[in-house]
Amino acid sequence: MCFVQTVSAQIKIGINPTTMNANAVLEIESVNKGLLLPRLALSSTSSPSPMISFTYGMLVYNTATQNDVTPGMYYSDGVKWLKMLAGSFTETPAASSWRTNGNNGTNAVTNFLGTTDNVALRFRTGNMERMSIGTNGWVGIGTNAPAATLEVKGQVIIDTILAGNASTDKILVANPTDGKLKSIPSSSFIAGAQKRIEVVVVPGQSVFNTPATITDINKIMLYRNGIQISFTANTTTSIISEIPCVPGDEIRIIQLL
């Protein structure tokens with residue numbers, strides 16, 4: 001090998017000694033040899049041992065497996081050792097890093113996706129926040145300030161719902177002010193409801209009697225042939241459908257008491 005030191009204090013080691021990169025203070029060039037770094041046994045990422053102190057930019061190859069270090073290249077940021085991985089730097093061993101192309105050999109007790117300090121976790125797509133987990137553990141979808149354990153801003157679709165039991169199951173209802181869900185016994189809902197079914201015989205009929213006296217128009221639902229339609233109040237015991245009906249139409253009125 002040839003060693004050349006230029007007047008500008010640049011050093012070239014290896015072949016082509018007269019050709020040197022202008023930006024390099026030290027250049028090593030070879031076609032059949034590599035660079036062998038100092039090999040030593042680190043004790044942990046938080047200890048400079050076996051060195052005296054941390055030095056910013058120090059690069060070594062660790063041979064030990066102990067505490068939070070495993071064999072591989074490490075560099076110092078001045079206060080700790082950082083392990084170098086393919087395409088990235090990390091403060092944790094390769095076996096504990098979380099990769100974007102999938103992971104294996106994880107331990108549910110020690111490996112996780114999240115934060116270790118008191119900071120919320122944000123999820124983005126298209127660089128726009130879509131979901132967040134607050135420091136209190138509350139999850140927000142479409143909002144970064146959930147007001148409950150789970151808050152969803154937008155529509156929710158449930159693909160499959162199992163058949164329920166009217167005598168034992170409960171029904172979900174929403175608070176009209178804050179949208180929070182609550183449950184009520186399905187038996188009380190059914191017991192507190194009345195329905196009336198009528199088959200239209202008069203062409204153009206639009207006025208229909210309700211099962212009981214109207215105390216709250218919002219507690220009445222009108223169905224024409226199984227499809228819910230709009231209506232307005234007529235009297236304290238009748239309503240007017242949004243469209244006139246024709247003979248044979250089945251009118252179903254459900255009224256909550």
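Each reported figure results from applying straightforward, stated rules to the coordinates on display, with no laboratory input. Because the structure is predicted, anything quoted here is derived from the model rather than measured. FYI the Cβ positions are ideal-geometry reconstructions off the backbone, even for glycines, and counts take in every protein chain you see.
Order the peptides 33-40, 132-139, 167-174 from the highest to the lowest mean number of other Cβ atoms within 10 Å of their residues.
Descending mean neighbour count gives 132-139, 167-174, 33-40.
Run the quick spin-label model on Asn103 and Ser30: label points 7 Å from Cα toward the beta carbon, then report their separation in nm to one decimal. Each label point is offset 7 Å from its Cα along the Cβ direction, giving 3.8 nm. Here the gap between Thr55 and Asn218, fully extended at 0.36 nm per residue and compared with their Cα-Cα distance, gives a gain of 51.3 nm.
Using Cα centres only, tell me the gap between the stretch 209-257 and the stretch 7-38 in whole Å. Distance between centres, Cα-based: 90 Å. Cα-based values for the stretch 39-90, radius of gyration first and Dmax second, are 9.7, 29 Å. The shape of the stretch 95-184 can be summarised by an equivalent ellipsoid whose semi-axes, obtained from the alpha carbon gyration tensor, come to 32, 19, 14 Å from longest to shortest. Ranked by the mean number of other Cβ atoms within 10 Å of their residues, highest first, the peptides 51-62, 111-122 fall in the order 51-62, 111-122.
Considering every alpha-carbon pair of the chain, the percent of pairs per 10 Å bin, from zero through the bin containing the longest distance, is 5, 15, 16, 15, 11, 9, 8, 7, 7, 5, 1, 0.
Provide Glu151, Glu250 in ascending order of the number of other Cβ atoms located within 10 Å of each residue's Cβ, fewest first.
Final ranking by Cβ density, sparse to dense: Glu250, Glu151.
Binning all Cα-Cα separations of the stretch 192-256 at 5 Å, short to long from zero, yields these whole-percent fractions: 4, 20, 34, 26, 12, 4, 0.
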